[in-house]
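Participant: Quick one: the structure is below, and I'll ask about it shortly.
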Amino acid sequence: AQSVTQPDIHITVSEGASLELRCNYSYGATPYLFWYVQSPGQGLQLLLKYFSGDTLVQGIKGFEAEFKRSHSSFNLRKPSVHWSDAAEYFCAVGMNKYIFGTGTRLKVLA
Amino acid sequence: NAGVTQTPKFQVLKTGQSMTLQCAQDMNHNSMYWYRQDPGMGLRLIYYSASEGTTDKGEVPNGYNVSRLNKREFSLRLESAAPSQTSVYFCASLPEGRSYNEQFFGPGTRLTVL
(Lines give C-alpha, C1' and ligand atoms only; values in the text may rest on other atoms or scores of the structure.)
Protein backbone atom coordinates (compact mmCIF):
# COMPACT_ATOMS: atom_id res chain seq x y z
CA ALA A 1 0.00 0.00 0.00
CA GLN A 2 1.15 3.50 -0.72
CA SER A 3 1.83 5.61 2.34
CA VAL A 4 3.85 8.46 3.77
CA THR A 5 5.10 8.52 7.34
CA GLN A 6 6.28 11.57 9.21
CA PRO A 7 7.31 10.08 12.54
CA ASP A 8 7.70 13.36 14.41
CA ILE A 9 4.42 15.09 15.25
CA HIS A 10 6.11 18.02 16.98
CA ILE A 11 9.69 19.31 16.87
CA THR A 12 11.12 22.20 18.85
CA VAL A 13 14.44 23.80 17.95
CA SER A 14 16.24 26.95 18.99
CA GLU A 15 16.66 29.74 16.50
CA GLY A 16 19.93 29.28 14.65
CA ALA A 17 20.04 25.53 15.23
CA SER A 18 19.95 23.00 12.42
CA LEU A 19 16.78 21.16 11.50
CA GLU A 20 15.94 17.79 10.02
CA LEU A 21 12.37 16.64 9.43
CA ARG A 22 11.91 13.01 8.57
CA CYS A 23 9.76 11.52 5.83
CA ASN A 24 9.50 7.86 4.84
CA TYR A 25 7.37 6.61 2.01
CA SER A 26 6.03 3.44 0.50
CA TYR A 27 5.30 3.73 -3.20
CA GLY A 28 5.26 1.18 -5.98
CA ALA A 29 6.84 3.21 -8.76
CA THR A 30 9.59 5.78 -8.87
CA PRO A 31 8.27 8.37 -6.46
CA TYR A 32 7.62 12.00 -7.11
CA LEU A 33 8.25 13.62 -3.71
CA PHE A 34 7.26 16.97 -2.31
CA TRP A 35 7.62 19.05 0.82
CA TYR A 36 4.99 21.69 1.56
CA VAL A 37 4.85 24.21 4.39
CA GLN A 38 1.70 25.59 6.00
CA SER A 39 1.78 28.67 8.17
CA PRO A 40 -1.08 29.08 10.68
CA GLY A 41 -4.37 29.80 8.95
CA GLN A 42 -2.79 29.61 5.51
CA GLY A 43 -2.77 27.28 2.54
CA LEU A 44 0.11 25.03 1.52
CA GLN A 45 3.21 26.40 -0.15
CA LEU A 46 5.67 24.20 -2.01
CA LEU A 47 9.17 24.15 -0.52
CA LEU A 48 10.80 21.72 -2.93
CA LYS A 49 10.22 18.67 -5.07
CA TYR A 50 12.07 15.66 -6.41
CA PHE A 51 11.30 13.88 -9.65
CA SER A 52 14.62 12.45 -10.80
CA GLY A 53 18.29 13.23 -11.12
CA ASP A 54 20.39 14.71 -8.35
CA THR A 55 19.20 13.26 -5.05
CA LEU A 56 19.91 16.45 -3.13
CA VAL A 57 17.40 19.12 -4.05
CA GLN A 58 17.36 22.76 -3.06
CA GLY A 59 14.19 24.63 -2.28
CA ILE A 60 12.98 28.01 -1.18
CA LYS A 61 13.76 29.66 2.16
CA GLY A 62 17.09 27.85 2.48
CA PHE A 63 15.61 24.35 2.71
CA GLU A 64 17.03 21.25 1.08
CA ALA A 65 16.02 17.60 0.98
CA GLU A 66 17.82 14.40 0.17
CA PHE A 67 16.19 11.46 -1.58
CA LYS A 68 17.54 8.10 -0.40
CA ARG A 69 15.99 5.26 -2.34
CA SER A 70 17.65 2.61 -0.15
CA HIS A 71 16.00 4.11 2.94
CA SER A 72 12.73 5.10 1.24
CA SER A 73 13.29 8.51 2.76
CA PHE A 74 13.08 12.14 1.72
CA ASN A 75 14.22 14.14 4.75
CA LEU A 76 14.02 17.92 4.85
CA ARG A 77 16.91 19.92 6.27
CA LYS A 78 17.86 23.48 7.04
CA PRO A 79 21.28 24.48 8.45
CA SER A 80 20.05 27.41 10.55
CA VAL A 81 16.41 27.85 11.53
CA HIS A 82 14.76 31.27 11.70
CA TRP A 83 11.81 32.15 13.93
CA SER A 84 9.70 32.60 10.79
CA ASP A 85 10.14 28.91 9.96
CA ALA A 86 7.67 27.98 12.69
CA ALA A 87 4.90 26.22 10.78
CA GLU A 88 3.59 22.78 9.88
CA TYR A 89 5.46 20.78 7.28
CA PHE A 90 3.96 18.10 5.07
CA CYS A 91 5.70 15.48 2.98
CA ALA A 92 3.77 14.11 0.00
CA VAL A 93 4.30 11.44 -2.64
CA GLY A 94 2.54 10.85 -5.91
CA MET A 95 2.08 11.99 -9.47
CA ASN A 96 -1.44 13.12 -10.35
CA LYS A 97 -2.78 12.14 -6.94
CA TYR A 98 -0.81 12.81 -3.78
CA ILE A 99 -0.58 10.94 -0.52
CA PHE A 100 0.27 13.26 2.34
CA GLY A 101 1.97 12.53 5.60
CA THR A 102 0.31 13.61 8.82
CA GLY A 103 2.61 16.59 9.19
CA THR A 104 5.29 17.83 11.59
CA ARG A 105 4.65 20.98 13.57
CA LEU A 106 7.82 23.01 14.10
CA LYS A 107 8.24 25.35 17.04
CA VAL A 108 11.20 27.73 17.12
CA LEU A 109 12.55 29.04 20.41
CA ALA A 110 14.04 32.51 20.48
CA ASN B 1 -3.05 35.74 -11.71
CA ALA B 2 -5.08 35.04 -8.57
CA GLY B 3 -4.04 31.36 -8.59
CA VAL B 4 -6.51 29.13 -6.75
CA THR B 5 -9.34 30.92 -4.98
CA GLN B 6 -11.88 29.47 -2.56
CA THR B 7 -15.12 30.84 -1.16
CA PRO B 8 -16.21 31.21 1.53
CA LYS B 9 -13.24 31.46 3.92
CA PHE B 10 -15.31 30.51 6.95
CA GLN B 11 -18.71 28.88 7.37
CA VAL B 12 -20.80 27.61 10.25
CA LEU B 13 -23.61 25.17 9.52
CA LYS B 14 -26.16 23.33 11.58
CA THR B 15 -26.44 19.57 11.26
CA GLY B 16 -28.53 18.70 8.22
CA GLN B 17 -27.97 21.94 6.35
CA SER B 18 -26.47 21.93 2.89
CA MET B 19 -23.86 24.12 1.29
CA THR B 20 -21.49 24.35 -1.63
CA LEU B 21 -17.82 25.25 -1.40
CA GLN B 22 -16.54 27.03 -4.47
CA CYS B 23 -13.10 26.75 -6.03
CA ALA B 24 -11.71 28.45 -9.12
CA GLN B 25 -8.29 28.60 -10.75
CA ASP B 26 -7.06 30.94 -13.45
CA MET B 27 -3.93 29.03 -14.44
CA ASN B 28 -5.57 26.89 -17.15
CA HIS B 29 -4.84 23.73 -15.19
CA ASN B 30 -6.54 20.50 -16.18
CA SER B 31 -6.71 18.64 -12.87
CA MET B 32 -8.41 19.89 -9.72
CA TYR B 33 -8.73 18.40 -6.25
CA TRP B 34 -10.64 18.71 -3.00
CA TYR B 35 -8.94 17.77 0.28
CA ARG B 36 -9.94 17.94 3.90
CA GLN B 37 -7.44 18.61 6.67
CA ASP B 38 -8.03 17.35 10.19
CA PRO B 39 -5.64 17.56 13.15
CA GLY B 40 -3.15 14.73 13.18
CA MET B 41 -4.39 13.32 9.88
CA GLY B 42 -2.73 15.48 7.26
CA LEU B 43 -4.62 16.12 4.05
CA ARG B 44 -6.97 13.49 2.69
CA LEU B 45 -8.32 13.51 -0.83
CA ILE B 46 -12.10 13.76 -1.12
CA TYR B 47 -12.62 13.98 -4.89
CA TYR B 48 -10.61 14.96 -7.89
CA SER B 49 -11.19 15.87 -11.50
CA ALA B 50 -8.62 15.02 -14.15
CA SER B 51 -10.33 17.16 -16.75
CA GLU B 52 -13.52 19.09 -17.45
CA GLY B 53 -16.50 16.74 -17.26
CA THR B 54 -14.79 14.00 -15.26
CA THR B 55 -14.70 13.39 -11.53
CA ASP B 56 -13.43 10.52 -9.38
CA LYS B 57 -13.60 9.55 -5.73
CA GLY B 58 -10.64 9.94 -3.48
CA GLU B 59 -9.95 8.48 -0.08
CA VAL B 60 -12.89 10.00 1.85
CA PRO B 61 -15.78 10.77 -0.56
CA ASN B 62 -18.76 9.79 1.62
CA GLY B 63 -21.12 12.67 2.33
CA TYR B 64 -19.80 14.84 -0.50
CA ASN B 65 -20.59 15.52 -4.13
CA VAL B 66 -18.61 17.51 -6.66
CA SER B 67 -19.16 19.31 -9.92
CA ARG B 68 -16.55 20.29 -12.47
CA LEU B 69 -18.52 23.13 -13.96
CA ASN B 70 -15.88 24.07 -16.52
CA LYS B 71 -12.10 24.04 -16.71
CA ARG B 72 -11.81 26.83 -14.14
CA GLU B 73 -14.29 25.78 -11.46
CA PHE B 74 -14.65 22.74 -9.21
CA SER B 75 -17.27 22.85 -6.46
CA LEU B 76 -17.78 20.62 -3.43
CA ARG B 77 -21.28 20.10 -2.04
CA LEU B 78 -22.38 18.86 1.35
CA GLU B 79 -26.01 17.76 0.98
CA SER B 80 -26.69 17.15 4.66
CA ALA B 81 -23.87 18.37 6.85
CA ALA B 82 -22.73 16.34 9.87
CA PRO B 83 -20.44 17.32 12.76
CA SER B 84 -17.86 14.84 11.39
CA GLN B 85 -17.49 17.13 8.39
CA THR B 86 -16.10 19.91 10.55
CA SER B 87 -12.74 20.47 8.92
CA VAL B 88 -10.60 22.75 6.81
CA TYR B 89 -11.17 22.18 3.12
CA PHE B 90 -8.53 22.85 0.51
CA CYS B 91 -8.85 23.00 -3.23
CA ALA B 92 -5.83 22.41 -5.46
CA SER B 93 -4.99 22.32 -9.14
CA LEU B 94 -2.31 20.65 -11.23
CA PRO B 95 -0.93 21.66 -14.62
CA GLU B 96 -1.23 19.24 -17.52
CA GLY B 97 1.64 17.09 -18.56
CA ARG B 98 4.24 14.80 -17.08
CA SER B 99 6.89 17.40 -16.56
CA TYR B 100 8.15 18.82 -13.32
CA ASN B 101 4.79 19.85 -11.87
CA GLU B 102 3.28 20.26 -8.46
CA GLN B 103 -0.20 20.96 -7.11
CA PHE B 104 -1.13 24.54 -6.30
CA PHE B 105 -3.34 25.09 -3.26
CA GLY B 106 -6.02 27.58 -2.38
CA PRO B 107 -6.20 29.34 1.02
CA GLY B 108 -8.79 26.96 2.45
CA THR B 109 -12.33 27.07 3.82
CA ARG B 110 -12.80 26.51 7.52
CA LEU B 111 -16.14 24.75 8.08
CA THR B 112 -17.80 24.10 11.41
CA VAL B 113 -20.90 21.92 11.66
CA LEU B 114 -22.81 22.25 14.90
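The values are calculated or read from the model by the stated rules, or taken from the named source; none is laboratory data. None of these values were measured; they are calculated from a predicted model. All Cβ positions, glycine included, derive from the backbone under ideal geometry; neighbour counts span all protein chains shown. For accessibility, only protein heavy atoms count, side chains too; no ligands or nucleic acids. Shrake-Rupley method; radii C 1.70, N 1.55, O 1.52, S 1.80 Å.
Participant: How much FRET efficiency would the formula 1/(1 + (r/R0)^6) give for B:Thr54 and B:Gln22, where r is the Cβ-Cβ distance and R0 is 25 Å, rounded to 0.05?
Facilitator: 0.85
Participant: What does the C-alpha gyration tensor say about the overall shape of chain A? Classify as rounded when a/c is under 1.5, otherwise prolate if a/b is larger than b/c, or oblate.
Facilitator: Here chain A falls in the prolate category.
Participant: Something else about it: Report the B-A buried area as the accessible area lost on both sides summed, probe 1.4 Å, in Å² to the nearest 100.
Facilitator: That pair hides around 1700 Å² of surface in total.
Participant: Accessible area per residue of the protein assembly as shown at 1.4 Å probe, in Å²?
Facilitator: Accessible surface, normalised per residue, equals 48 Å².
Participant: So if each residue of separation counts as 0.36 nm, and I subtract the Cα-Cα distance between B:Ala82 and B:Met41, what length gain in nm does that give?
Facilitator: 12.9 nm
Participant: Might you report the magnitude of the Cβ-based charge dipole of chain B about its Cα centre, with Lys and Arg at +1 and Asp and Glu at -1, to the nearest 20 debye?
Facilitator: The calculation lands at about 220 debye.
Participant: Suppose R0 equals 35 Å; then what is the FRET efficiency for A:Gln58 and A:Asp8 from their Cβ-Cβ distance, rounded to the nearest 0.05?
Facilitator: With a Förster radius of 35 Å, E is 0.95.
Participant: Ok, one more. So what is the relative contact order of chain B, in percent, for Cα pairs below 8 Å that sit 6 or more residues apart?
Facilitator: Rounded, it is 35 percent for chain B.
Participant: Tell me whether chain B comes out rounded, prolate or oblate; compute the Cα gyration tensor, take square roots of the eigenvalues as a ≥ b ≥ c, and use a/c under 1.5 as the rounded threshold.
Facilitator: prolate
Participant: Report in % the part of the accessible area of chain A that belongs to carbon and sulfur, leaving out ligands and nucleic acids; probe 1.4 Å. Could you put the intermediate results ahead of the total?
Facilitator: Working: 2600 of 5270 Å².
The value for chain A is 49 percent carbon and sulfur by accessible area.
Participant: Summarise the accessible area of segment B:2-114 (1.4 Å probe, protein heavy atoms) by the percent that is carbon and sulfur.
Facilitator: Its accessible area is 50 percent carbon and sulfur atoms.
Participant: Just which residues of segment B:27-55 lose 50 Å² or more accessible area with every protein chain there, against their chain alone, with the probe set to 1.4 Å?
Facilitator: Those residues are B:Leu43.
Participant: Mind running the shape call on the protein assembly as shown? Use the C-alpha gyration tensor, a ≥ b ≥ c as the square roots of the eigenvalues: rounded below 1.5 for a/c, prolate if a/b tops b/c, oblate otherwise.
Facilitator: prolate
Participant: Where the centroid of each part is defined by its Cα atoms, how far is segment B:52-106 from segment A:20-91 in Å?
Facilitator: Between the Cα centre of segment B:52-106 and that of segment A:20-91, the gap is 24 Å.
Participant: Could you check the simple spin-label distance between A:Trp83 and A:Met95, using points 7 Å along Cα→Cβ, in nm with one decimal?
Facilitator: It works out to 4.5 nm between the two label points.
Participant: Moving on to the next point. Over 23 Å between Cα atoms: which of A:Lys49/B:Lys9; A:Lys107/B:Lys9; A:Lys49/A:Lys97; A:Lys61/B:Lys57; A:Lys97/B:Lys14 fall into that group?
Facilitator: A:Lys49/B:Lys9; A:Lys107/B:Lys9; A:Lys61/B:Lys57; A:Lys97/B:Lys14
Participant: Still on this structure: In segment A:41-62, what residues drop by 50 Å² or more of accessible area when the other protein chains are put back, versus the chain on its own? Use 1.4 Å, and skip ligands and nucleic acids.
Facilitator: A:Leu44, A:Lys49, A:Phe51
Participant: Let me ask you something else. Tell me, which residues of segment A:71-108 get at least 20 Å² less accessible area when the other protein chains come in, versus the chain alone (1.4 Å probe)?
Facilitator: The answer is A:Phe90, A:Met95, A:Asn96, A:Lys97, A:Tyr98, A:Phe100, A:Thr102 - residues whose exposure falls by at least 20 Å² when every protein chain is included.
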